[in-house]
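Novice: Structure provided below as structure tokens; questions to follow.
The values are calculated or read from the model by the stated rules, or taken from the named source; none is laboratory data. Nothing here was measured: the structure is a model prediction, and the numbers come from that model. With ligands, DNA and RNA removed, areas are computed over all heavy atoms of the protein, side chains included. Shrake-Rupley method; radii C 1.70, N 1.55, O 1.52, S 1.80 Å.
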Amino acid sequence: MVLSKQEEAHYVSRGITLNVPDMSGIVADLGGGSLEVVAISKGVVKHSVSFDFGHLSEIEEAEIDAAFSTTPWMKIDHPGRLYGVGGSFRALGSAYIEQSGYPLAVLHGLNIPAATAGHMLSAFTRNLPDMTGVPIGRQQNMPCAARIMKCLCVILLLKRFLSAAQVFAMAFLLKPSLTTPKSRFFAGGVF
């Protein structure tokens, strides 16, 4: 079954609000070929959009910024929280745990200060990237993922909320539309 852009954004937001029912912030699901971005306020979806690029794309920051600029609601004030879903956000979380010496190796709900995330993402996109802590299977595609995540942080968080902004890595989500009565968790739910 192939989901439409709107369906995918809906299920991403539904999955995260089942985990954090009253959440407010931005949910970003970064996959290989697409990025879904959803604004949620107190558990209610306010806006959603899907972009046709992901961590396997050949895309530069200027192109990402141009795509984001076509979505006016992404430029308005949001709570300073970005909930990242997908393997690229998990890789960022793994790198944060290793680089910061964070004492607990649990990715789900990991809170990364946005300024720290911004510095790490910049390091991942250098000519000689610093991939310390990034799982080996993610290192090849991490520069593109980092460009996308960095642009998200800039437009959604850093411009307005530098001191209070947070990036959360979300490792496990309930996928309500893809569950069976026997199993409440979708087998592929670990993003």
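Novice: For segment 29-148, which whole-number percentage of the solvent-accessible area (1.4 Å probe, protein heavy atoms only) is attributable to carbon and sulfur atoms?
Specialist: 52
Novice: Another one. When only alpha-carbon atoms are used, what values of Rg and Dmax, in angstrom, describe segment 1-72?
Specialist: So, for segment 1-72, Rg and Dmax equal 12.6, 36 Å respectively.
Novice: Rounded to the nearest whole Å², what accessible area per residue is found for segment 117-159 with the 1.4 Å probe?
Specialist: Accessible area per residue: 45 Å².
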